[in-house]
Amino acid sequence: MIAFARKNKIPIEATAEKPYSMDRNLLHISYESGVLEDPWFDASSEEMRSMYKLSVAPEDAPDKPEHIELEFDRGNCIGVNGKKLSPLSVMQTLNKFGGKHGIGRVDMVENRFVGMKSRGVYETPGGAILHFAHRQMESLTMDREVMHLRDSLIPKYSELVYNGFWFSPEREALQALVTETQRDVTGLVRLKLYKGNIIVAGRKSPKSLYDPTIATMERDASVFDQSDATGFIRLNALRLKLRVALKRSSD
């Protein structure tokens, strides 16, 4: 195929010396096949530096960290560093920030729909930043049980998308629930980008469920009475006490 492309003057980046495939879209670039089919092969080695298109190697990233702020409204990122952006511009902007700092490289062995395992290497700098920041915003604004319910559905939702069932009724049903969970995911997340790492540097929201007067451990300032937990602990320990008593009697 490489020879055919050369003969017919079809521009491709694959060569006999670098025989791997590359698929690119707005969210990421995936690399597969060729030398990458050996899961022991180090795709982050010096000899593979030229393969990556969206990001520098973490070792070559700037020696100083960079801070960025992402603004969310109902679960959607609508701005970066105080500037309102379209979804397209958000991803393009985050790709640049992430690529500069070596963020979003993933080397994984995955399970394909047809049953085989496949090794792939990905670059998703903007996606990695967006996912991390979104999770931080959720941690501040989403109810615990709602988050647990949504998280329990992630494997099924991901499976549907991965297997090509985006337009299926079950995916749309799940989407309705996910959309509802995002109603209060609004606010700002500040991140620090440094040599392949995404570090949270702050989050705030008008919809925050965090109450410092309840969360504080300083007795004089807290409105939470720790003695209220005594009965709660006893009730939760009751079944364990019964289990131990039964075990001792059978011994």
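State whether one or more residues within region 120-134 are modelled with pLDDT of 95 or more, out of contact with any Phe, Trp or Tyr (no Cβ under 9 Å at 6 or more places or on another chain), more than 21 Å from Val106 (Cβ to Cβ) and hydrophobic (A, V, I, L, M, F, W, C).
no
Glu170 versus (1) out of contact with any Gly (no Cβ under 9 Å at 6 or more places or on another chain); (2) under 21 Å from Thr124 (Cβ atoms); (3) at pLDDT 95 or above; (4) not polar (S, T, N, Q): which is the lone unmet condition?
It is condition (2) that Glu170 fails.
Within region 23-142, which strands (runs of 3 or more DSSP E) (wholly inside it) include 2 or more residues that are open to solvent by 50 Å² or more (accessible area, probe 1.4 Å), at negative phi and among the hydrophobic types (A, V, I, L, M, F, W, C)?
105-111
Helices (runs of 4 or more DSSP H) wholly in region 144-251 with at least 1 residues that are within 21 Å of Asn76 (Cα to Cα) and open to solvent by less than 80 Å² (accessible area, probe 1.4 Å) - which ones?
Because the criterion is at least 1 residues that are within 21 Å of Asn76 (Cα to Cα) and open to solvent by less than 80 Å² (accessible area, probe 1.4 Å), the helices (runs of 4 or more DSSP H) in region 144-251 that meet it are 144-162, 169-181.
The values are calculated or read from the model by the stated rules, or taken from the named source; none is laboratory data. Just so it is clear, the model here is predicted, and its values are computed rather than measured. Reconstructed Cβ throughout: ideal geometry from the backbone, glycine too, with neighbour counts over all protein chains shown. What goes into the accessible areas is simple: the full protein's heavy atoms, side chains included, and nothing from ligands, DNA or RNA. Shrake-Rupley method; radii C 1.70, N 1.55, O 1.52, S 1.80 Å.
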